[in-house]
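Notes follow once the structure below has been shown.
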Amino acid sequence: MQDRPTSVELLEAAADFVDRELVPATEGARQFQARVVANVMRIVAREIKMEDPLVRSEVKALARLLGHDAPHLHSLDDLRAAAAGMGEELTAKIRAGEADDGGWRGEVLAVVRQSVEDKLRIANPRYLESDIAIRNAAKPQKEI
Amino acid sequence: MEKMEPGEMIRRLTGFIRREGRFDSVAIENLRKMPGGASREIWSFECAMERGGETSRRAMVLRRDPGAHNISSNRRHEFMVIRAAFEERIPVPEVFWVSEDPAVLGSAFFIMERIDGETLARRLLRDDTYARAREVMPAQLAEILAKIHRIDPVKHKLDFLEEPGDNAALTEVRRYQENFRVLALEPHPAFELAFRWLLKRVPKMARKTLVHGDYRIGNVVFGPEGVRSILDWELAHLGDPMEDVGWMCVRAWRFGNDQKPVGGLGSREDFFHAYEKASGTAVDPEAARFWEVFGNLRWGIITIGQARTHIDGFLKSVELASIGRRTAETELELLNLIE
């Protein structure tokens, strides 16, 4: 095992340096690239923190959607491979028109939305938050 | 492609302009490379041209093919499309000369007027300087687009433009399905659902016109007063003009100003209405929606392609790499649109 700081702490330290020292000291295209670098570090930090539980729940959801028994997997590599494999299986069914309409379409939309939101939790949580806020604002008010 | 020494480039460019323009003498000043992305090179310069004792000066831009790049488009074709737009009084740079002879500058290029101004959406949407521009630009962009769709390809000898076949929409969906299958390294069920949605709603083409192909904020030079110039005509083709209308509504160009769907500036209704008034044609809301969904899907596939450019080693760039993590933003928008 590794000593402290953790990988997340290292990335956050590096990102803070970029934001505090490099971004203000640069201009134009280089400043833009520096912001990209800090953002990339923060994405990776979130991924280290969150990927395991997210891919675990994605594998469960896909298995249920596709009518498989939930696989018992432990390593992150195995979980990722299972998600990708079932993603391909879902792709084939969508291409065959099985999610065009009917009851299963609703289930597919829900599972796909969840996995897209999981990607954004890591890649751009603020985008997800603002999207949810916009969609909530647009919903008609429920009668009490 | 070997890099040319600046002195050598100036020498060759001077000679080229003198010959093409039949000038007695030409002087080039302040030749500088502009940030232009991997798929093309853009150079800016001032040009003094003398003939029979009279001197004129113009600010100019040179667009040149770089060495290897994975988008192929033709500089001479782009030159002719911009010239057609200029002749129809659309705000575009005046084009001067084009060359496909690699002996001149190493690859095909053309030279046009330089129009100064701003192009960054972030500035347009946030700076007080552009408050007036924000108000007027949606209608201006609709009117200009209507004019673009009236350009007669026959009159302007644009016979190199590919015919879209019976159904431009189906042609484009199939083109992007193929791109997606080649580019994607992982499954994207959200895109699969969007393709199915589109294939079931292919609209009939009400008109076949010249289509700009990348009409959006980012390809518009503007000032505090509004639009100055429309840029980046390299994707112009024949097709359904609603494709350009839909592209203007793609979420990515709102740059966070999601309350205003058209370029972060205004509503769809206002944009469509201004387009209808200027074009004398009706915007079918279902066709516009098809092309908006298609536009988002197309942009999502482009983000995958840009990440591949880094992943495959064509151009190593942290910016290109990070774009691969933005594909999910477009997937979310597509789910919102098709649910």
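Quick notes on this structure:
- Criterion: more than 19 Å from the chain's Cα centre (by Cα), more than 7 Å from chain B (Cβ to nearest Cβ) and surrounded by 15 or more Cβ atoms within 10 Å (Cβ to Cβ) - qualifying residue of A:L73, A:L128: A:L73
- Just one of the listed residues (A:I94, A:I43, A:I122, A:I48) is outside any loop (DSSP other than H, G, I, E, B), modelled with pLDDT of 95 or more and away from every other protein chain (no Cβ under 11 Å), namely A:I48.
- Boolean, B:R76 is modelled with pLDDT under 95, surrounded by 12 or more Cβ atoms within 10 Å (Cβ to Cβ), touching a strand residue (DSSP E or B) at 6+ places or on another chain (Cβ under 9 Å) and outside any helix (DSSP H, G or I): no
Yes/no matrix, rows are residues, columns are (1) within 14 Å of the chain's Cα centre (by Cα); (2) within 17 Å of B:L335 (Cα to Cα); (3) small (G, A, S):
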| position | (1), (2), (3) |
| --- | --- |
| A:L62 | no, no, no |
| A:G85 | no, no, yes |
| A:V111 | yes, yes, no |
| A:I122 | yes, no, no |
| A:A133 | no, yes, yes |
| A:N136 | no, yes, no |
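- Here A:K60 meets the list (1) closer than 25 Å to B:F180 by Cα; (2) not in a loop (DSSP other than H, G, I, E, B) almost entirely, failing just condition (1).
- Verdict on B:L125 being part of a loop (DSSP other than H, G, I, E, B), outside the structural domain of B:V61 (by TED's automatic domain parsing) and more than 30 Å from B:R57 (Cα to Cα): no
- Looking only at residues in segment B:188-205 that are without any contact (Cβ under 8 Å) to a residue 60 or more places away in the chain and assigned to a helix (DSSP H, G or I), the one that is surrounded by the most Cβ atoms within 10 Å (Cβ to Cβ) is B:P189.
- Condition check for A:L109: at the interface with another protein chain (Cβ under 10 Å from one of its Cβ atoms), assigned to a helix (DSSP H, G or I) and not polar (S, T, N, Q): yes
- Candidates in segment B:309-323 are the residues that are more than 15 Å from A:R35 (Cβ to Cβ) and either touching a Gly at 6+ places or on another chain (Cβ under 9 Å) or facing chain A (nearest Cβ under 9 Å) (or both); of these, the one that is surrounded by the most Cβ atoms within 10 Å (Cβ to Cβ) is B:H310.
The values are calculated or read from the model by the stated rules, or taken from the named source; none is laboratory data. Keep in mind it's a predicted model, so treat the numbers as computed, not measured. We place every Cβ from the backbone using ideal geometry, glycine too, and count neighbours over all the protein chains shown.
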